[in-house]
Structures are given as structure tokens and as C-alpha cells.
Amino acid sequence: MNHYHRYKGLVDYIAKNYRNAVEIGIGHFPDVAFALLRKGIKVFATDVKAYQHRGLKVIVDDVTIPDISLYTEIDLLYSLRPPPELVPYMEQLARMLSVDLIVKPLASENVSGKLHCHEGTTFSLWSSS
């Protein structure tokens, strides 16, 4: 199922502002990562489970105890609908790497970060600068 239309604003924002991104917790929803790849953004994904998405590099990693060596040469971490208890670990990883973090929570969830709305898509942003 293609959910791209619901995330178009997020994809456009990332494509406009970043070159190398990592999606944390890809699961069964690779639409945003593939949309970014089509826009020329270098993307790979991580998850605690070994997911296979043809054409997308997915690495098994746990954001609560991340392998820092996996995240070289990136400028953005992002996650779609993560469990709220994992967001502080993502914030910590982003700070350690000096990169930005974007979280697109479920509509009913509230996470910290600066609230952004781009082309009708709302998400939270933590800036490394």
C-alpha cells in the first residue's frame, strides 16, 4: 500500500534540506525511503528486525544501543510513527552524531522537538545547529 501522498510534504522537506539520511525503524513501510531515493537522496534504514525491501539497504540495529559506526556521513535521522519511548534514544543518537532528527509521530502522539508543517505534513524537528 502506497502512503506516499500522506508524507509528500515530509519527503519534499527532506529532499530540499538533506543529502544523506537514515530511517530508524523501517518496518513494513518503505514508501518514504523509496520516495527519497527517487529524489536523489542517499538513504538506508535500520530496524531491530531483518526486513527486506528490494533496492533499499536495511541494517539490523537497535537505536537503544546503536552501532555508531553505521551512521557515518549522514546529515539526518528520521523516523515515522516510532514508539514514543524510543524518541529519547533517537534524540541522543542525533546529538552524538551532530545531525538533525525528524520524527513523524502518529496524529494522537505528542513528542518534543520543534513542530514543523511543510506542504500540509506536520512533523517534529531537532536541529543540530
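Residues in the stretch 47-83 that are acidic (Asp, Glu) and in contact (Cβ under 8 Å) with a residue 24 or more places away in the chain were compared, and the one that is nearest to Tyr13 (Cα to Cα) is Asp75.
Take the stretch 26-66 and flag every residue that is charged (D, E, K, R), farther than 22 Å from Pro83 by Cβ and touching a helix residue (DSSP H, G or I) at 6+ places or on another chain (Cβ under 8 Å). Hit for the stretch 26-66 is Lys39, nothing else.
Just the residues that are of a type in the set (A, V, I, L, M) and closer than 17 Å to Gln92 by Cα, please, taken from the stretch 21-76. Walk me through it before giving the result.
Going through the stretch 21-76, the residues of a type in the set (A, V, I, L, M) turn out to be 21-22, 24, 26, 32-33, 35-37, 41, 43, 45, 48, 50, 56, 58-60, 63, 65, 68, 70, 74, 76.
Ala21, Val22, Ile24, Val63, Ile65, Ile68, Leu70, Ile74, Leu76, listed by residue number.
Across the stretch 74-95, the qualifying residues are those that are outside any helix (DSSP H, G or I) and in contact with a strand residue (DSSP E or B) (Cβ under 6 Å, 6 or more places away or on another chain), and the one among them that is surrounded by the most Cβ atoms within 10 Å (Cβ to Cβ) is Tyr78. Thr122 meets each of the listed conditions (1) at pLDDT 90 or above; (2) assigned to a strand (DSSP E or B); (3) polar (S, T, N, Q) apart from (1). Scanning the stretch 81-90 for residues that are at pLDDT 95 or above and within 21 Å of Ala35 (Cβ to Cβ) gives a single hit, Met90. Would you check which residues across the stretch 82-107 are of a type in the set (A, V, I, L, M) and within 22 Å of Arg19 (Cβ to Cβ) and list them? Selection gives Met90, Leu93, Ala94, Met96, Leu97, Val99, Leu101, Ile102, Val103.
Residue check: Cys117 meets all listed conditions (1) assigned to a loop (DSSP other than H, G, I, E, B); (2) in contact (Cβ under 8 Å) with a residue 40 or more places away in the chain; (3) hydrophobic (A, V, I, L, M, F, W, C); (4) surrounded by fewer than 17 Cβ atoms within 10 Å (Cβ to Cβ) but one, namely (1).
What is the residue count in the stretch 14-49 for residues that are part of a strand (DSSP E or B) and basic (Lys, Arg)? Explain how you work it out, then say what you get.
Filtering the stretch 14-49 for residues part of a strand (DSSP E or B) gives 20-24, 42-47.
Subset that is basic (Lys, Arg): 42.
Residues meeting the conditions: 1.
When restricted to residues that are surrounded by fewer than 18 Cβ atoms within 10 Å (Cβ to Cβ) and not in a loop (DSSP other than H, G, I, E, B), the stretch 50-59 contains 3.
The values are calculated or read from the model by the stated rules, or taken from the named source; none is laboratory data. A quick note: this is a predicted structure, and the numbers were derived from the prediction, not measured. For neighbour counting, all protein chains shown are included, and Cβ atoms are generated from backbone atoms with ideal geometry for every residue, glycine included.
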